[in-house]
Amino acid sequence: MSLNIESLSENAKTIFLARLVHALTISARDTYEAGTERVLEPETLRAYNELLHRVASVVTSRLEGVEGYSLQSILEMMRNFGEKQNRVAGMQWAIEWALKNPLV
């Protein structure tokens, strides 16, 4: 996950974090059985929820002008989540997806 986060503007960092929230919700769908209400991996889904909680809290903090977790800390949380939940590729995809459009 090589990303020069320091070069992003404050607005771009907030947009990136909001896109990460969206991407993580997409990734979390892998824990469901397609076309049903059934959750195949409840522990992983809960772990996604905890990660999403932290990332969403940073978006809210930034919008309120309050210091929250750093972007570097969020990326580290995502790396740890990916390793622990066997979702390294999913975390890489989420970051790439969040970066796919220009961050203005």
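FYI, it's all coordinate maths here, none of it is from the lab. These numbers were taken from a predicted model, which means no experiment stands behind them. Cβ placement follows ideal geometry from the backbone for every residue including glycine, while neighbour counts extend to all protein chains displayed.
Tabulated data for the structure shown
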read-out: Estimated 222 nm signal from helices in the chain, with DSSP H stretches of n ≥ 4 weighted -39500 (n - 2.57), rounded to 500; value: -21500 deg cm²/dmol
read-out: Most mobile listed residue (Val21, Val66, Val88) in the chain, GNM with C-alpha springs under 10 Å; value: Val66
read-out: In sequence order, calculated HN-Hα J values of region 45-54 (Karplus, 6.51, -1.76, 1.60; Hz; x Gly/Pro); value: 4, 5, 5, 4, 4, 5, 5, 4, 4, 5
read-out: With at most 16 neighbouring Cβ atoms within 10 Å, loop GluC sites (Glu not before Pro) (DSSP) excluded, longest segment of the chain; value: 68-104
read-out: Between 0 and 90°, nearest 10: helix 71-84 axis offset from the chain longest Cα axis; value: 20 degrees
read-out: Tensor-based shape of region 60-104 (alpha-carbon gyration tensor, a/c under 1.5 rounded, otherwise prolate or oblate); value: oblate
read-out: Residue exposure sequence - Ser27, Ser73, Ser57, Ser7 - by fewest surrounding Cβ within 10 Å; value: Ser7, Ser73, Ser57, Ser27
read-out: Residues Arg38 and Ser73, FRET efficiency given R0 of 30 Å [Cβ-Cβ distance, rounded to 0.05]; value: 0.35
read-out: Under 5 Å, built H, 5+ apart or other chain: amide partners of Tyr32; value: Leu40
read-out: The chain: radius of gyration over Cα atoms, expressed as a fraction of 2.2 N^0.38 Å; value: 1.08
